[in-house]
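The values are calculated or read from the model by the stated rules, or taken from the named source; none is laboratory data. What you see is a predicted model; the values in this text were computed from it and never measured. As a convention, Cβ positions derive from the backbone with ideal geometry for all residues, glycine included, and neighbour counts pool all protein chains shown.
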Amino acid sequence: MKKVLTIFCLLMLSVAVAQNVPGSNLTPEVVKNKFKQEYPDAKLKRWEVKGGLKKDYVAVFNQGGYAKRARYDMNGVPVLLHTFHNKTQVPASWSAQVIAAYPGFNVDWANEWKNFKNGNHFIEIRLSKPGLVLKAWVKPDGSIINNDNPNKEMKENGEGDNDGSGQ
């Protein structure tokens, strides 16, 4: 009986610790529920609050081996999804045209951006070779985006200031 009670106490303690995600107390239930519905198998690391009077909430999590950030408005409506891809996770379909356009460069990582408000979807690829670093932006089909930096419109209140760590 003592073993059963000990196991039960340890189980309850592990459940309590698992639910203690930083920022959860600041995030509305409607937002947390939407996140759980969309990403049931995600390992949530923390919640962040962005913005002033009209707040957005960002779930920082891992799913399927990828570091991700999902942004929601205060009503639980998805705003933005950011997925970090390390160099082994970057699909060749994204990087082939960029590598052809910049011979001698290697892919270091990629950030995938999906904006649910305006429908934009693009990938930021970081390339380097000794002494040089550059970023290129491509569409999901791998075609290079020729304009300045589509990431400008995705950066809301600091979102997207990423050094490639995915965090």
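For the reader, a short list of remarks on this structure follows.
- Test: Arg46 is touching a residue at least 24 places away in the same chain (Cβ under 8 Å) and loosely packed, with under 15 Cβ neighbours inside 10 Å: yes
- Pairs with Cβ under 8 Å, 6+ apart, first in segment 68-94 and closer than 20 Å to Asp141 by Cβ, second surrounded by fewer than 18 Cβ atoms within 10 Å (Cβ to Cβ) and among the aromatic types (Phe, Trp, Tyr): Leu81/Phe116; Thr83/Tyr66; His85/Tyr66; Gln89/Tyr66
- Qualifying positions in segment 41-67 - under 28 Å from Asp141 (Cα atoms) and either over 13 Å from the mean Cα position of the chain (by Cα) or not in a loop (DSSP other than H, G, I, E, B) (or both): Asp41, Val58, Ala59, Val60, Phe61, Asn62, Gln63, Tyr66, Ala67
- Test: residue in segment 98-110 that is under 25 Å from Lys34 (Cβ atoms), modelled with pLDDT of 95 or more, touching an Asp or Glu at 6+ places or on another chain (Cβ under 7 Å) and surrounded by 12 or more Cβ atoms within 10 Å (Cβ to Cβ): no
- Residues satisfying the stated conditions in segment 49-67, i.e. among the aliphatic types (A, V, I, L, M) and surrounded by 15 or more Cβ atoms within 10 Å (Cβ to Cβ): Val58, Ala59, Val60, Ala67
- Search result, residues across segment 86-139 that are under 20 Å from Ala70 (Cα atoms) and of a type in the set (Val, Ile, Thr): Val90, Ile123, Ile125
- Extreme residue, farthest from Glu124 (Cα to Cα), among residues of segment 89-103 that are out of contact with any Pro (no Cβ under 9 Å at 6 or more places or on another chain) and not aliphatic (A, V, I, L, M): Pro103
- Of residues in segment 129-163 being crowded, with 16+ Cβ neighbours inside 10 Å and in a loop (DSSP other than H, G, I, E, B), the one modelled with the highest pLDDT: Gly142
- Boolean, Arg126 is buried (at least 19 other Cβ atoms within 10 Å of the Cβ), of a type outside the set (S, T, N, Q), closer than 30 Å to Leu53 by Cβ and touching a strand residue (DSSP E or B) at 6+ places or on another chain (Cβ under 6 Å): no
- Condition met for Ala70 (surrounded by 19 or more Cβ atoms within 10 Å (Cβ to Cβ) and small (Gly, Ala, Ser)): yes
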